[in-house]
Amino acid sequence: MSRSDSPAVWLLALGQTLIYAGSYYAFPALLPDLEAATGWTKGELAMGPTLAFLIMAVLTPFTGRLVDRGLGGEMLSWMPALAALGVAALALVDTHLGWLIAWAVIGVAQAGCLYETCFAFLTRRLGDAARAAITKVTLVAGFAGTLAFPLGHWLGEMRGGQGALLVFAAIMALVIPLNAVAVRHLRRRERAEQTQAPTPPGVLQAALRKPAFWIIAAAFTAIYLNHGVLITFVLVLFADRGAPEGMAALAAALIGPSQVVGRLMLMGAGARVTTGQATRGAMAAVVLASGILWLAGLAPLLVFGFALIQGAGAGLMSILRPVLIAEVLGRTGFGVISGAAAVAPILASAAAPLVGAGLLAWGGPTFVYAACLALAVIGLGLILWLLSRPEDQFSGM
């Protein structure tokens, strides 16, 4: 990636921050206010984001194929408008059916303008320089929750839950010009010899026949489920470990910044750390964090260790997964292959609250600790197996 491309990458990073803040984090940030405004239960409200996740999982392979056909820039430029309209609709509906329809619209938009599409577009445009660009995007977008939660608290008090969503929708509309300028610059900078040929037919079918595809998908599914369960019930688990309410809230607040720290460390390491080494390290960090959380019953202060290590390890996953796919499976047809490999991890994120609730009901927090540690070990084991195969050894970008 040339220095002249950096401003465009930073614009995409800002766009991802705003779109995640409005379409992803605004809901948990405003949940108490939305309950008060609508009279619906947490479960009824949560059906909306779950539906959006499911739709996004179904559509991601299709949007990946569109990136391969050269339409990634169009989706990044216009799908934020659809997302903003969906969030605005959430502010106006007065029936639960309307709530679900609005979230369905948001799910369609998210499939075309969140990380998967952005990273596939950058990989297509920047080739070997994509890892650095993806790191920059996730570095900035890691602050989406930091923006959404205090803003949601303030807006919720002033305008109520649904009124606050209108403001978030207006903020999301800013993504349209940001992404449009970034896309235009990256396309203008692309040299003719760097333009990728059309994706040959059968590229996804060929990838599906490779064990590496399924190993990567399974490993990241295990890690996404681990992280989703732990983050959803983090305060419940910290309380079970004996952490007082204030300590628990402070430790939980460190997870987001720790993700940014992990990404900064990867950016600073650059080419000195290969993608394989970084992936092994990140997976091992999640295993260590799960073990530390279980041991925190002996010393509640260990919840801070969990927050720092889990955040740093999980924060690298969004960078490493697309880069690992590109290096192991190749860049030809990257969009559709990456989209297909993302289906199971997205579904895992959608299922995490239900899985966690089931584990708590079935065996209490101990079952959650055991299951999440097992998931982390499975993820690490699969990656170690993948990278131990001589034909899959590779160097970092």
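Answer yes or no as to whether A248 is in contact (Cβ under 8 Å) with a residue 12 or more places away in the chain, over 22 Å from V137 (Cα atoms) and open to solvent by less than 50 Å² (accessible area, probe 1.4 Å).
yes
Name the single residue, out of those in the stretch 136-191 being in contact with a helix residue (DSSP H, G or I) (Cβ under 7 Å, 6 or more places away or on another chain) and among the aromatic types (F, W, Y), that is least open to solvent (accessible area, probe 1.4 Å).
Selected residue: F168.
Let's see how each residue does on (1) open to solvent by 40 Å² or more (accessible area, probe 1.4 Å); (2) within 25 Å of T95 (Cα to Cα):
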{"residue": "A13", "(1), (2)": "no, no"}
{"residue": "Y24", "(1), (2)": "yes, yes"}
{"residue": "F27", "(1), (2)": "no, yes"}
{"residue": "D33", "(1), (2)": "yes, yes"}
{"residue": "T38", "(1), (2)": "no, yes"}
{"residue": "T41", "(1), (2)": "yes, yes"}
{"residue": "T50", "(1), (2)": "yes, yes"}
{"residue": "L54", "(1), (2)": "yes, yes"}
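Taking L308 and the conditions (1) closer than 24 Å to A249 by Cα; (2) surrounded by 21 or more Cβ atoms within 10 Å (Cβ to Cβ); (3) of a type outside the set (S, T, Y), which numbered condition does it fall short on, given that it satisfies the others?
For L308, the exception is condition (2).
Any residue that is over 30 Å from R331 (Cα atoms) and of a type outside the set (V, I, T) - is there at least one of those in the stretch 52-74?
The answer is no; no qualifying residue exists.
Out of S395, S338, which single residue is more than 20 Å from the chain's Cα centre (by Cα), small (G, A, S) and either closer than 15 Å to A285 by Cα or modelled with pLDDT under 95 (or both)?
S395
Considering only the stretch 5-83, give the helices (runs of 4 or more DSSP H) lying wholly within it that have at least 3 residues that are within 20 Å of T135 (Cα to Cα).
Those helices (runs of 4 or more DSSP H) span 6-20.
Give me the residue from the stretch 206-230 that is among the hydrophobic types (A, V, I, L, M, F, W, C) and free of Cβ contacts under 8 Å to residues at least 40 places away in the same chain and, out of that set, farthest from G256 (Cα to Cα). So that I can check it myself, show each step before the final result.
Of all residues in the stretch 206-230, those among the hydrophobic types (A, V, I, L, M, F, W, C) come to 206-208, 212-220, 222-223, 225, 229-230.
The next check asks that each one be free of Cβ contacts under 8 Å to residues at least 40 places away in the same chain; those that pass are 206, 214.
Details: A206: 37, W214: 29 Å.
Selected residue: A206.
From the residues in the stretch 69-91 that are farther than 30 Å from L34 by Cβ and open to solvent by 10 Å² or more (accessible area, probe 1.4 Å), which one is modelled with the highest pLDDT?
E74
For P365, state whether it is of a type outside the set (A, V, I, L, M), at pLDDT 85 or above, over 23 Å from the mean Cα position of the chain (by Cα) and more than 24 Å from F62 (Cα to Cα).
Considered against the rule, which asks whether it is of a type outside the set (A, V, I, L, M), at pLDDT 85 or above, over 23 Å from the mean Cα position of the chain (by Cα) and more than 24 Å from F62 (Cα to Cα), P365 comes out as yes.
Here's the yes/no breakdown for (1) β-branched (V, I, T); (2) closer than 17 Å to V58 by Cβ:
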| site | (1), (2) |
| --- | --- |
| G73 | no, no |
| S77 | no, no |
| A84 | no, no |
| V87 | yes, no |
| G98 | no, no |
| A104 | no, yes |
| V108 | yes, yes |
| L122 | no, no |
| R125 | no, no |
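Can you tell me which residues in the stretch 95-108 are surrounded by fewer than 20 Cβ atoms within 10 Å (Cβ to Cβ), in contact with a helix residue (DSSP H, G or I) (Cβ under 8 Å, 6 or more places away or on another chain) and of a type outside the set (V, I, T)?
Scanning the stretch 95-108 gives H96, G98, L100, A104.
The values are calculated or read from the model by the stated rules, or taken from the named source; none is laboratory data. Everything numeric here is computed off the predicted structure, so don't read it as measured data. Cβ coordinates were reconstructed from backbone atoms using ideal geometry, including for glycine residues, and neighbour counts include every protein chain displayed. With ligands, DNA and RNA removed, areas are computed over all heavy atoms of the protein, side chains included. Shrake-Rupley method; radii C 1.70, N 1.55, O 1.52, S 1.80 Å.
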